[in-house]
C-alpha cells in the first residue's frame, strides 16, 4: 500500500467533513506533523488442505524511508514534499496550499488542482481539476448536504475523461478492491465499469453517512457499479489529521474519511457488491489499525489487510507502518 499524492490507500469511498462548531477547512492542529516515514510488507501464501499448512509463495517489503516533509508557515501548512521512491511514484513532488480567511481554498500540484467553496462555516462544494486539459473544467465535483450541523450526504459527479475515464477516484478504488477481494480478473472488472458507465458523460455517486458521537460510524456509497458499505470503529485518542481537507477526493493517503473524525480508526469492515451482466458478486473484508502514542497523539500507525481464506486456499497479507514526527 503506497502513499501517493493522488492515489489513496484507504477504503473505496471519498472523504467527509467533521460535524463541529469550527469552520471547515481550517486546519491548525496543536501538534504539527513535520515528517512522515513509511515501511511496508506484502506476503502471499497458499494453503495445503492435505497438511493444513500455509506455504509462503512470495514476500516483498520496503524498508522504513522518508515519505513526506510538511512545511509550515506559522500556524498554516504551506506545502508537503512527497519524497522520491514508492510513496511518490518514483519522483519527488509537492502539494501547495492556498488560504482564504484562514481556510484552505486551493491545493495544487504540477498536474492537478482541488478547490474548496464554503457557505458560512460549512463546506459547500469541492472540484478536482486535471491541469493537463486546456478547457479547465473539473473532472470531479462534490456537493455537500447537511442534516443540521452534520454532513449527511455527498453527491459526487464524475465526468468521462482524464482520470474519470477510468471511473474517477471512487470507482478506481472500488475496482481495485473488487479485483483483489473477489479474485475477479481485472479485465472483467473494467468491463463491468465500462458497461455501467457506457453513454454517460456525467456519472453521479451518492454517499450517505451515519455518525456515532464525533466519528463517522458507517459510509454507504451507491454507484453504477454497485454498493460499498464500510463500518468503522475508533480509539479514544487525538486524530492528527482532523480537518485536513487534502484527504477529500482520495488525494492524500491515510484513509479517506480520516479528517472527519475526532479519533483514529481501529477497524474498517467493508462490504462490496458488484453488478456485472446480471450477476451479483459480494465480498466482505476488514482492515485493522493499531497505534503507538505520545501524549495521546499517534507516533506510529500499523495498518493490516488480509485477502483470501482457507476455503479459497490462498491469502495475501498487506502491512504498512506510518511513523509520524511532530514539529514540537
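Things worth noting here:
- Tabulated pairs, the stretch 198-213, first within 16 Å of residue 268 (Cα to Cα), second assigned to a loop (DSSP other than H, G, I, E, B) and at pLDDT 65 or above, C-beta under 9 angstrom, 6+ apart or interchain: 209/257
- Among the strands (runs of 3 or more DSSP E) confined to the stretch 54-130, the ones with at least 1 residues that are more than 30 Å from residue 311 (Cα to Cα), at pLDDT below 90 and under 21 Å from the mean Cα position of the chain (by Cα) are located at 93-100, 112-119, 122-130.
The values are calculated or read from the model by the stated rules, or taken from the named source; none is laboratory data. What you see is a predicted model, and the numbers here were worked out from it, not measured in a lab. Neighbour counts are summed over all protein chains in view; Cβ atoms, including those assigned to glycine, are modelled from backbone coordinates with ideal geometry.
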